[in-house]
Amino acid sequence: MISIKDVAKKTGVTVRTLRHYDHIGLLKPSGKTEGGHRLYGENELKRLQAIQFLKILRFSLQEIEELLDDNKDNWYKDLQNQLQYCLKEKEKLEHMESILRGLMNEFTMKGETDLVHVQQLIRLYEDNSDYKEQFLNERFNEKEQELLDLLPNVNRGDADTIEWISLYAQLKLHMSKGVTAVEVQSIIRRMLEKEKETFGQNPEFAEKIWDVRKSQEDSAKAGFYPVEPEVIEFIEAATNFYLKENKE
């Protein structure tokens, strides 16, 4: 058997915590010295390891005591419940990450964050899932729906999305120069290149996406990032000019 201080050194659990575990009956020492100091044996150390493990899994001390004192048949059910809790927490964190990435990308594209627009985005991300799925199922066939995952998503941080966001931000920066400006045409050229790189084998799909994009109502139904109508009109005009000037 070893003393409480040695247990603390060996496990990293403080003496104060071990005394608390003793007080609440979670981990009783196997004995005491003549001076009244707590002593712990192998069984107690194994129980302490189990306590530490279950604490990492976010069980409360009361739940841990019930788990350790109950028969082993209930362990699987309790661990399964805790797994479900962890999965729900993971889903919440992933959702929060998605919103935060969206807001950061929003700032990149606009150079500022409008709180009213932020609220609209959050509602879009949170409340539109069922309606969005129904709309996409009606508008796109099964094969085309697989291609939807290739679209840039403002809530992601992948390289393609980041480049699309950068192109969008640059385009807005140069819009005042007009559709024929060298800077604008260079951006449009890269946008068309990226579109071809991604959907070169499915030009009809790309056209259908653009048709949705041109409608504010349909874009909202599809869950697309809201782009101002004047920007959409500018992109279309600049694209038409580019295609006219670069006919093969």
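The values are calculated or read from the model by the stated rules, or taken from the named source; none is laboratory data. Values in this document were obtained by computation on a predicted structure and should not be read as measured data. No Cβ is skipped: glycine too gets one built from the backbone with ideal geometry, and neighbour counts run over all protein chains shown.
For the stretch 85-108, the count of residues that are modelled with pLDDT of 75 or more, surrounded by 14 or more Cβ atoms within 10 Å (Cβ to Cβ) and not in a loop (DSSP other than H, G, I, E, B) is zero. Going by the structure shown, is T161 over 26 Å from Q134 (Cα atoms), in contact (Cβ under 8 Å) with a residue 40 or more places away in the chain, in a helix (DSSP H, G or I) and polar (S, T, N, Q)? For T161, the condition - over 26 Å from Q134 (Cα atoms), in contact (Cβ under 8 Å) with a residue 40 or more places away in the chain, in a helix (DSSP H, G or I) and polar (S, T, N, Q) - is not met. The number of residues in the stretch 20-50 being within 15 Å of L61 (Cβ to Cβ) and surrounded by 13 or more Cβ atoms within 10 Å (Cβ to Cβ) comes to 9. Within the bounds of the stretch 23-40, is there any residue that is among the acidic types (D, E), over 27 Å from Q80 (Cα atoms) and assigned to a helix (DSSP H, G or I)? No: the stretch 23-40 contains no residue that is among the acidic types (D, E), over 27 Å from Q80 (Cα atoms) and assigned to a helix (DSSP H, G or I). A Cβ distance below 8 Å, combined with a sequence gap of six or more or placement on separate chains, defines the contacts here; from the stretch 172-188, residues that are more than 10 Å from A238 (Cβ to Cβ) reach residues that are modelled with pLDDT under 95 and among the polar types (S, T, N, Q) in the pairs E183/Q170.
Of all residues in the stretch 10-19, those satisfying the criterion of being at negative phi and either exposed (fewer than 12 other Cβ atoms within 10 Å of the Cβ) or not in a helix (DSSP H, G or I) (or both) are V13, T14, R16. Counting the residues of the stretch 199-219 that are modelled with pLDDT under 85 and either surrounded by 17 or more Cβ atoms within 10 Å (Cβ to Cβ) or hydroxyl-bearing (S, T, Y) (or both) gives 0. Please work out if K196 is out of contact with any Leu (no Cβ under 8 Å at 6 or more places or on another chain), in contact (Cβ under 8 Å) with a residue 12 or more places away in the chain, of a type outside the set (V, I, T) and not in a loop (DSSP other than H, G, I, E, B). No, not satisfied.
For the stretch 9-18, the set of residues classified as in contact with a strand residue (DSSP E or B) (Cβ under 8 Å, 6 or more places away or on another chain) and either within 21 Å of D69 (Cα to Cα) or not assigned by TED's automatic domain parsing to the domain that holds L61 (or both) consists of L18 only. With the structure loaded, tell me whether L147 is assigned to a helix (DSSP H, G or I), modelled with pLDDT under 70, touching a helix residue (DSSP H, G or I) at 6+ places or on another chain (Cβ under 7 Å) and surrounded by 14 or more Cβ atoms within 10 Å (Cβ to Cβ) or whether it fails that test. When the stated conditions are applied, L147 does not pass them. Take the residues in the stretch 1-16 that are among the polar types (S, T, N, Q) and touching a helix residue (DSSP H, G or I) at 6+ places or on another chain (Cβ under 8 Å), then tell me which one is modelled with the highest pLDDT. Selected residue: T14. Can you tell me which residue in the stretch 150-160 is farthest from the chain's Cα centre (by Cα), limited to those that are within 14 Å of F224 (Cα to Cα) and at pLDDT below 85? Here the residue is P152.
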